[in-house]
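What follows is a single structure, written as structure tokens, with notes after it.
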Protein chains: 2
Amino acid sequence: MRSILASYSHRADEYAERLGSMTSVHPSDLQLVTAWADEVRGPLLDAGCGPGHWSGYLARRGVHVRGIDLVPAFVEHARTAHPQVMFDVADVDALPLPANSFAGVLAWYSLIHHRPGDIRRALDQFARVLRPGGGLLLGFFTGPALEEFDHAVATAYRWPPEVLSDELRAAGFEVIETHTRTSARPQPRPHGAILAQLSHSRANLIS
Amino acid sequence: MRSILASYSHRADEYAERLGSMTSVHPSDLQLVTAWADEVRGPLLDAGCGPGHWSGYLARRGVHVRGIDLVPAFVEHARTAHPQVMFDVADVDALPLPANSFAGVLAWYSLIHHRPGDIRRALDQFARVLRPGGGLLLGFFTGPALEEFDHAVATAYRWPPEVLSDELRAAGFEVIETHTRTSARPQPRPHGAILAQLSHSRANLIS
């Protein structure tokens, strides 16, 4: 992940300026994340929070949220912009957080650079820190086949929802909802979202 | 379609009582249909409107909507419940409506009894009555494979979103969004929705 860290650190200010605000969020995504977060009954982790705009928004709604990101410049930005939220530098593949400590994990475009063979590391971490029955909401680039493409910052991957769903089930999650937005308009790339729930039986096996 | 008509006619009152009101609509479906309908710029056809609850709701929002259904008992119910909306008895496979006359078609669970080989008839009709660039919103039962099952009223079919998307593209539509809700909770059967747009070039070929 060194190159991802370096690439984002180099462009953190530009990224925060362009995408680090709720005004750049698609209305459907805002509705989905809001409706999901409002149902989470307990602490929520914004995993790969970037400049912290989702955390700030959710905190203003009364959600008990904290954020982590691999990129120190993002965490600094998030702390300044949203002083009411706790942000830390951390890797989604090795979360320095106790097991069974969250009711929800939001991973909004934060696994897009994971190589397909490595995505389970992050999903296993989410399963570990979530309570049994806890919720996970993933946002990602989608497409008809699992393939890499040149993202502005670093190589990223498109996931067909059913392929990512298989990874989630293997990590102990039940897939509850899938959403895709595939038009070239109004956003540049096909978007996917999956809402999953940690199985009640799985959590204790891996904590 | 004779048996579908007979089956629904026989149970129209029971169906209207149980499912013919907006209070039985899932909140996510309400949000999806509302957001879509609010963007439709022109007349909207509620194709297979049943007891007319969607039409009534959309008319109250100011949408210029009319409804059609194959089952006379549903149309009677709809006319009584929503006198401000025009409802007619008609078959989605042979719409008695002029070409290019609607900006949107809502087909919410109205193609669930179509045999897979016959669904194009209805989709071609939707493409015919829609203006170029017009919108189509489908609600349907979904599942990992295209298969029939015993629905309360008559045999119905589960469609994987990608299979139904292929049918839509063949009928001249571009698929814009897909949504699935696959949990057993809170609703009994996995649900799918597809939002599509009639290609600008296709409409004139088939009108």
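Given a 10 angstrom Cα cut-off, can you work out which residue in B:21, B:165, B:183 is the most mobile in a GNM of chain B? The residue that fluctuates most here is B:183. For chains A and B, what's the summed buried accessible area, probe 1.4 Å, to the nearest 100 square angstrom? About 1200 Å² of accessible surface is lost on pairing.
Counting other Cβ atoms within 10 Å, which trypsin sites (Lys or Arg not before Pro) in region B:83-152 have at most 14 and lie in a DSSP loop?
Values: sites: B:120, B:121, B:128; in loops: none.
Filter output for region B:83-152: empty list.
Here the Karplus curve 6.51 cos²θ - 1.76 cosθ + 1.60, taken at θ = phi - 60°, turns the phi angles of region B:145-154 into couplings of 9, 6, 7, 8, 8, 7, 7, 3, 9, 7 Hz, with x standing for Gly and Pro.
Directionally averaged projected area (region B:87-207, Cα convex hull): 7.6 nm². Annotation: amide H of residue A:21 has no partner in the under-5 Å range at sequence separation 5 or more or interchain, hydrogens built in the peptide plane. The dipole here belongs to chain B: it is taken about the Cα centre, uses +1 on the Cβ of Lys and Arg and -1 on the Cβ of Asp and Glu, and is about 280 debye. Any idea how far apart residue A:148 and residue B:79 come out in nm if each label point goes 7 Å out from Cα toward Cβ? With each label point 7 Å from Cα toward Cβ, the separation is 6.5 nm. Roughly what % of DSSP beta bridges within region B:2-206 run antiparallel, to the nearest 5? Of those bridges, close to 55 percent are antiparallel. Of B:65, B:92, B:153, the residue with the greatest mean-square motion in the GNM of chain B, using alpha carbon springs below 10 Å, is B:153.
Compute the distance from the alpha-carbon center of region A:90-151 to that of region A:1-41, in whole Å. About 14 Å separates the Cα centre of region A:90-151 from the one of region A:1-41.
According to the square roots a ≥ b ≥ c of the eigenvalues of the Cα gyration tensor, what is the shape class of region B:22-160, taking rounded for a/c under 1.5, prolate for a/b larger than b/c otherwise, and oblate for the remainder? Before the final figure, lay out each step's value.
Details: a/c = 1.38, a/b = 1.26, b/c = 1.09.
Cα axes put region B:22-160 in the rounded bin.
Let me spell out the model: positive unit charges on the Cβ of Lys and Arg, negative unit charges on the Cβ of Asp and Glu, origin at the Cα centre of the protein assembly as shown. What dipole size does that give, in debye rounded to 20? Before the final figure, lay out the partial values.
Details: 38 positive and 44 negative charges, 82 e Å.
Here the size comes out at about 400 debye.
Selection among A:163, A:190, A:28 by position relative to the dipole of the protein assembly as shown gives A:28 as farthest towards the positive end (Cβ unit charges, Cα centre).
Once the partner protein chains are put back, region B:30-63 shows a loss of at least 20 square angstrom of accessible area, versus the chain by itself, at B:31 (probe 1.4 Å, ligands and nucleic acids excluded).
In the context of the full set of protein chains, residues of region A:2-206 present 43 Å² of accessible surface per residue (probe radius 1.4 Å, heavy atoms only). Highest mobility in the GNM of chain A, judged by mean-square fluctuation with C-alpha springs under 10 Å and restricted to A:101, A:55, A:24, is found for A:24. Counts of other chain beta carbons within 10 angstrom of each beta carbon in peptide B:170-177 average 3. With all protein chains in place and a 1.4 Å probe, the accessible surface of the protein assembly as shown carries 52 percent carbon and sulfur.
The values are calculated or read from the model by the stated rules, or taken from the named source; none is laboratory data. Keep in mind that this is a model prediction, so the values were computed, not measured. Counting neighbours? That spans all protein chains shown, and the Cβs are built from the backbone with ideal geometry, glycine included. What goes into the accessible areas is simple: the full protein's heavy atoms, side chains included, and nothing from ligands, DNA or RNA. Shrake-Rupley method; radii C 1.70, N 1.55, O 1.52, S 1.80 Å.
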